[in-house]
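K.L.:
Take a look at this one; I'll ask things after.
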Amino acid sequence: MADQHTTGLIHHPYQAPEGFEAPAPGVFKASTVFFPTVAAMRSREWKDKTAYTYGLHGTPTSYLLEERLASLEGGKQCLLVPSGLAAIALVAQSMLKQGDEVLIPDNAYGPSKTLADGELKAWGIRTRYYDPMSVEDLAAKISAQTRLVWVEAAGSVTLEFPDLAGLVRVCKRAGVPVALDNTWGAGLAFQPFDLVAGEGIGVDISAHALTKYPSGGGDVLMGSVITRDQGLHMRLKLTHMRLGLGVGMNDVELVLRSLPSMALRYRAHDDATRVLARWAQGQAPFVQVLHPALEDSPGHAHWKALCQPQAGGAAGLFSVIVDPRFTQAQCDAFCDSLRLFKIGYSWGGPISLVVPYELETMRQSWPAHLAKGTMIRFSVGLEHVDDLRADLAQALQASGLLG
Ligand SMILES: *Cc1c(COP(=O)(O)O)cnc(C)c1O
């Protein structure tokens, strides 16, 4: 060898030990993958997982995460993308073209609406917003141009729980594909492809921000798009390939590392959130507390019907509406006074978070089932619930909301 320090370092003699079985899978990274011959290169298939061709189409590490996520959500195929929002955008770009129409629930994840009102509109794709709490409203809005319906359970920020099976039935009857943003349920609260036992009713596509519970660390951005139908998967996969939506294998490794503890973490977030939401109901400044497991929260009966016979999960989010006699500045001061709850977007990590929202700017109109006032959303982390409750109580005192 002419130069140990160049060639010698590149063509190193390392080989993975035979029979090396360990808890964590190996992390395989590649842009280039070698083929033994040109004939092998020509014949190798990138569209299924029988072979490797190029890093953008996956490595053993990403294949493994895809398989685990598909089985978690009860699907058959999975595509990984760089963020949850990229998963939503991939579905839109694959399913819609100029002249088509997409229906989105009015309480959908905000950036999904921004994408619809921005790029989708510019590409000649029309969006109509429907009332997620009304199956009739969705049925009435499906037209001959509708090519995709989004559903989300629970709704973003306001956490209403829709009649998911009812909404999906309407789409099936109309022959329109239905995509779920399954970030809240995470494959744990309910099975998106089997909403009603024995009825075979389920969504066609499940998009998931792995950034939240699957990552669990507040340090990874990733999304997935899961399907059960091979034809639909292939349509999404071709778009995925043409857009070049790859993910980094170090990030895939982090998600694989977090997956084994996800169900335990989800349960811990869920238990603490129920305690805090119930406590919040007894606090005078809060005129409404939104959490699907609370009996008077909008859509509670739908949550119970769907999630209770399954794992019974309700995730780690709750929102409050603050009495409108308090100003925005007082509500902001309440958020600023919190010590354990940090001010920040996203959720699913170990640290509790708080964000005030202006509902007027997020909805077509103020829904009748929501009280008037300032909306504050809490994402409950993994701290001890007594400490979190004490933090909320001291911030109510400190900000003058109790006075
Ligand atoms: C966070 C979130 C997303 C987007 O995930 P990112 O990885 O942050 O892009 C999509 N849908 C819902 C419901 C979310 O909460």
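The values are calculated or read from the model by the stated rules, or taken from the named source; none is laboratory data. Everything numeric in this text was worked out from a predicted model, so none of it was measured. FYI the Cβ positions are ideal-geometry reconstructions off the backbone, even for glycines, and counts take in every protein chain you see. Side chains are part of the model used for accessible areas, which takes the heavy atoms of the whole protein and leaves out ligands, DNA and RNA. Shrake-Rupley method; radii C 1.70, N 1.55, O 1.52, S 1.80 Å.
K.L.:
How big is region 1-152 by the Kirkwood estimate over distinct Cα pairs, in Å?
P.N.:
19.7
K.L.:
May I pose another question? Ranked highest first by the average count of other Cβ atoms within 10 Å around their residues, in what order do 271-281, 183-193 fall?
P.N.:
Going from most to least packed, we get 183-193, 271-281.
K.L.:
So, one more: Find how many whole Å separate the alpha carbon centroid of region 57-136 from the alpha carbon centroid of region 254-276.
P.N.:
24
K.L.:
Over the Cα atoms of the chain, each weighted equally, I'd like the Debye log10 I(q)/I(0) at q = 0.14 Å⁻¹, rounded to two decimals.
P.N.:
Per q value, in the given order, log10 I(q)/I(0) is -1.24.
K.L.:
What is the distance in Å between the Cα centroid of region 362-383 and that of region 300-326?
P.N.:
Each part reduced to its Cα centre gives a spacing of 11 Å.
K.L.:
Right, here's the next one. Tally Lys and Arg at +1 and Asp and Glu at -1 over the other residues with C-beta under 15 Å from the C-beta of GLN330: what net charge comes out?
P.N.:
-3
K.L.:
Tally Lys and Arg at +1 and Asp and Glu at -1 over the other residues with C-beta under 10 Å from the C-beta of HIS302: what net charge comes out?
P.N.:
-1
K.L.:
Quick one: which residues, 5+ away or cross-chain, put their amide H under 5 Å from the amide H of GLN191? H built at 1.01 Å from N.
P.N.:
When sequence neighbours closer than 5 places are left aside, there are no close amide H contacts.
K.L.:
Would you work out which of THR211, LEU180, SER224 lies farthest towards the positive end of the dipole of region 38-260, given +1 charges on the beta-carbon of Lys and Arg and -1 on that of Asp and Glu, about the Cα centre?
P.N.:
Result: SER224.
K.L.:
Also, quick follow-up: Work out the length of the dipole vector of region 275-364 about its Cα centre, built from +1 on the beta-carbon of each Lys and Arg and -1 on the beta-carbon of each Asp and Glu, and round it to the nearest 20 debye.
P.N.:
For region 275-364, the charge dipole is close to 240 debye.
K.L.:
While we're looking at this one, here's another question. Could you sort 145-155, 31-41 so that the peptide with the highest average Cβ count within 10 Å comes first and the rest follow in order?
P.N.:
Per-residue mean Cβ counts within 10 Å order the peptides as 145-155, 31-41.
K.L.:
What span do the alpha-carbon atoms of region 247-401 cover on each of the three principal axes, reported in whole Å from largest to smallest?
P.N.:
49, 35, 32
K.L.:
Quick one: Cα centre-to-centre distance for region 160-232 and region 337-354, in angstrom?
P.N.:
26
K.L.:
Any chance you could give the angle, 0 to 90 degrees and rounded to 10, that helix 385-398 forms with the longest Cα principal axis of the chain?
P.N.:
Approximately 50 degrees, to the nearest ten.
K.L.:
Between helix 84-95 and the chain, what is the angle of the helix's C-alpha long axis to the longest principal axis, kept within 0 to 90° and rounded to the nearest 10?
P.N.:
70
K.L.:
So with the 1.4 Å probe, I'd like the accessible area per residue for the chain, rounded to whole Å².
P.N.:
So the chain comes to 46 Å² accessible per residue, rounded to a whole number.
K.L.:
Moving on to the next point. Compare the peptides 326-338, 208-220 by average per-residue count of other Cβ atoms within 10 angstrom and give them in order, highest first.
P.N.:
Result, highest mean first: 208-220, 326-338.
K.L.:
Taking K and R as +1 and D and E as -1, what net charge do the other residues with C-beta under 10 Å from the C-beta of GLY185 add up to?
P.N.:
Combined, the nearby Lys, Arg, Asp and Glu give -3.
K.L.:
On to the next question. About its Cα centre, what dipole magnitude does region 109-217 give when the only charges are +1 on Lys and Arg Cβ and -1 on Asp and Glu Cβ, stated in debye to the nearest 20?
P.N.:
So the magnitude is around 340 debye.
K.L.:
In addition: Which angle between 0 and 90 degrees, to the nearest 10, do you get for helix 262-281 versus the longest principal axis of the chain when only C-alpha atoms count?
P.N.:
Between helix and principal axis, roughly 10 degrees.
K.L.:
Counting only protein heavy atoms and using a 1.4 Å probe, what share of the accessible area of region 38-260 belongs to carbon plus sulfur, as a whole percent?
P.N.:
Carbon-and-sulfur percentage of accessible area, whole number: 52.
K.L.:
Do you know the relative contact order of region 262-399, to the nearest whole percent, from alpha carbon pairs under 8 angstrom that are 6+ apart?
P.N.:
28
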